[in-house]
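Only the coordinates and a few stated rules stand behind these numbers; no lab work does. Owing to the predicted nature of the structure, the values given are computational and were not obtained by experimental measurement. Note that each Cβ is placed from the backbone with ideal geometry, even for glycine, and that neighbours are counted across all protein chains shown.
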Amino acid sequence: MYVDLGNGLASVASPGVSRESLERLDERVGRAHERIERGRKNEEFGYAALNLPQGADAGAIERAVAPLKDCESVLTIGIGGSALGAATISEALGLAGTHVLDNVDPAWVRETLAGLDLAGTAVHVVSRSGTTAETLANFLIVREAFEGAGVDWTERTIVTTGERGPLRTLADRHDLPVLSVPEGVPGRFSALSSVGLVPAAIRGGDVEDVLAGAREGTGVGDIEGSLFETPAYAYGAATYALSERGAAINAVLPYAEGLERFAEWFAQLWAESLGKEGLGQLPARALGATDQHSQLQLYRAGPRNTMVTFVRPRERPELTIPDTDFEALSYLGATGLKALIDAEFEATEASLAAAGRPSLRIEIDRLDARSVGALLYDMELACVLVGELMGVETFEQPAVEWGKRATRGLLGAEGEFPESEAVGEKNQLAVEPDR
């Protein structure tokens with residue numbers, strides 16, 4: 001991963017951070033790095049995620065999915081970190097036939113199942129606890145759909161879960177292939193494990209190369225404790241500095257269709273890890289060049305509370321634009337879509353700088369397994385650094401747990417769920433149509 005902080009400097013943008021401020025901040029980065037390295041060495045909760053690339057067993061994943069290699073489609077059933085990593089990796093690698101059920105909208109679930117040839121579809125069910133309501137509900141529906149189609153779901157299902165729980169029991173009862181969720185790793189940091197790699201492995205992606213890229217991305221075990229030497233720390237420190245100066249929103253703008261899901265993955269990583277104690281930075285999702293026509297106006301001329309994170313591959317295939325008889329469009333002839341999207345990228349970046357709006361640039365070599373692995377690892381490391389600089393508990397998510405408990409109470413789950421009482425206490429000021 002390559003990072004350019006130039007358009008986030010105070011000499012270019014407001015809010016912006018001066019080179020001198022970054023040099024002072026680098027002392028804190030060094031101290032945070034020592035804490036991160038200590039946490040990794042001791043395999044502390046959360047910090048253990050940064051050891052996944054060297055600990056994940058690509059061979060074990062390949063052996064587990066071997067019976068499913070003939071499937072033309074794979075359906076991941078999970079939610080949040082149990083689905084976004086898998087979707088991000090599969091999309092970035094351009095793997096066809098990968099689908100995700102990560103919501104419980106009944107119309108959408110029905111439509112997704114209707115579009116699949118179940119006889120040729122593998123199912124990957126992911127839940128650490130094995131009790132996640134949305135995941136288990138969707139899995140029960142999918143299982144029923146397989147039975148209704150006369151397809152043996154036990155021959156098409158692989159499970160990734162904790163060492164105990166209903167999913168583990170189900171896998172044992174039906175002799176399903178099962179992989180373990182890594183210990184000490186929150187879901188949103190688990191992409192570089194069986195949680196995120198199983199669908200890619202089923203569809204022929206090179207999961208060993210993904211892990212190799214992650215290992216190379218920042219040099220696992222040999223990370224330099226300076227923002228001027230480690231790209232992940234450069235991005236994290238500059239983003240932290242900009243947020244401290246008023247950039248409350250971080251609009252992630254990848255210029256590659258294959259990275260659209262990456263922006264969704266980043267949004268969970270950033271929001272769930274850093275949004276605590278009145279602190280944090282709101283991640284906004286966009287896609288270049290598409291959202292130049294829908295969001296750029298706001299980023300360039302709206303409130304000065306936003307920074308933009310540009311992401312692009314340095315290399316991409318070319319597709320030539322044909323010559324045309326229309327004189328007004330003649331400038332497009334003999335060029336290609338690669339040149340066009342790169343020009344769009346650079347023009348948008350320059351547009352923000354001209355308006356004094358901050359942006360940071362992230363580049364990867366190309367959209368391949370190694371670069372994708374490196375990108376995911378580096379962004380996780382950047383997020384951990386920001387959490388250290390903010391002084392928040394990066395790896396916890398108490399607000400999410402509150403909502404889960406309220407939902408369970410509303411559905412009549414066994415146990416005490418006082419959080420669900422808040423639903424009945426909702427204030428109302430209703431405006432209804434006059435019919």
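List every residue whose amide H lies under 5 Å from the amide H of D365, counting only residues 5 or more places away in sequence or on a different chain, with H placed 1.01 Å from N in the peptide plane.
Residues meeting the criterion, in which the H sits 1.01 Å from N, are R314.
For the range 68-180, with the dipole built from +1 on Lys and Arg beta-carbon atoms and -1 on Asp and Glu ones, taken about the Cα centre, which of S180, T121, H99 lies farthest toward the positive end?
S180
Using alpha carbons only, how many angstrom separate the centre of the range 120-146 from the centre of the range 338-353?
42 Å
I'd like the Karplus ³J(HN,Hα) series for the range 299-315: coefficients 6.51, -1.76, 1.60, θ = phi - 60°, whole numbers in Hz, and an x wherever there's a Gly or Pro.
Running phi through 6.51 cos²θ - 1.76 cosθ + 1.60 with θ = phi - 60° gives 5, 8, 10, x, x, 7, 10, 10, 10, 10, 9, 7, 9, 7, x, 6, 10 Hz.
At a 10 Å Cβ-Cβ cut-off, how would you order H124, H33, H99, fewest neighbours first?
Details: H124 28, H33 22, H99 18.
With the fewest neighbours first, H124, H33, H99 line up as H99, H33, H124.
If amide hydrogens are placed 1.01 Å from N in the peptide plane, which non-local residues have theirs closer than 5 Å to the one on V17?
Distant-sequence amide H within range of V17: L9, A10.
Less than 12 Å apart at the alpha-carbon level, and either on another chain or at least 8 residues along: which aspartates and glutamates does that give for K338?
Within the straight-line cut-off, K338 pairs with E315, E318.
In debye, nearest 20: dipole of the chain around its Cα centre with unit charges on the Cβ of K, R (+) and D, E (-)? It would help to have the intermediate numbers written out before the result.
Details: 39 positive and 66 negative charges, 138 e Å.
So the dipole magnitude of the chain works out to roughly 660 debye.
Among G246, G150, Y377, which residue has its Cα positioned farthest towards the positive end of the charge dipole of the chain, with +1 placed on the Cβ of Lys and Arg, -1 on the Cβ of Asp and Glu, and the dipole taken about the Cα centre?
G246
Where a Cα-Cα gap under 21 Å defines reach, which lysines qualify for K426, not counting those fewer than 8 residues away within the same chain?
K404
On full extension of the chain, what length is gained from A339 through D152, given 0.36 nm per residue of separation minus the C-alpha to C-alpha distance?
Numbers: separation 187, 0.36 × 187 = 67.32 nm, distance 4.89 nm.
Stretched out fully, the A339 to D152 stretch lengthens by 62.4 nm.
Please list the non-local residues whose amide H lies under 5 Å from the amide H of V100, H modeled 1.01 Å from N, same-chain partners needing a gap of 5 or more.
Placed amide hydrogens put T76 under 5 Å from V100.
Picking from T160, T135, T290, which is most flexible by a Gaussian network model of the chain using Cα springs under 10 Å?
Of T160, T135, T290, the Gaussian network model singles out T290 as fluctuating most.
What FRET efficiency do you get for E43 and E216 if R0 is 25 Å and r is their Cβ-Cβ distance, rounded to the nearest 0.05? Let's see the in-between values first.
Numbers: r = 22 Å, r/R0 = 0.87.
The value I calculate is 0.70.
Only bridges whose two residues both fall in the chain count here: according to DSSP, what percent of them are antiparallel, nearest 5? Please report the intermediate quantities before stating the final value.
Numbers: 4 of 38 bridges.
Once the DSSP bridges in the chain are tallied, antiparallel ones form about 10 percent.
What whole number of Å gives the distance from the Cα centroid of the range 406-429 to the Cα centroid of the range 155-200?
The two parts, judged by their Cα centres, are 30 Å apart.
I need T98, T131 ordered by Cβ neighbour count within 10 Å, fewest first.
T131, T98
Roughly speaking, what is the stretch gain from E257 to V104, that is 0.36 nm per residue apart minus the C-alpha to C-alpha distance, in nm to one decimal?
Working: separation 153, 0.36 × 153 = 55.08 nm, distance 2.52 nm.
Full extension of this stretch gives 52.6 nm more.
I'd like the distance between the alpha-carbon centres of the range 28-92 and the range 269-337, rounded to an integer number of Å.
Rounded to whole Å, the Cα centres lie 27 Å apart.
When the Karplus curve 6.51 cos²θ - 1.76 cosθ + 1.60 is applied with θ = phi - 60°, which whole-Hz ³J(HN,Hα) does each residue of the range 57-73 get, with x for Gly and Pro?
The phi angles translate into 10, 4, x, 5, 5, 4, 5, 5, 8, 3, x, 10, 5, 7, 6, 8, 9 Hz.
Under 17 Å between alpha carbons, and skipping anything fewer than 8 positions from K69 in its own chain: which aspartates and glutamates qualify?
D117, D152, E155, D206, E208
What is the diffusion coefficient of the range 50-205 in µm²/s, taking the Kirkwood radius over Cα pairs and the Stokes-Einstein relation at 4 °C with a viscosity of 1.567 mPa s? It would help to have the intermediate numbers written out before the result.
On the way: Rh = 15.2 Å.
My calculation gives 85 µm²/s for D.
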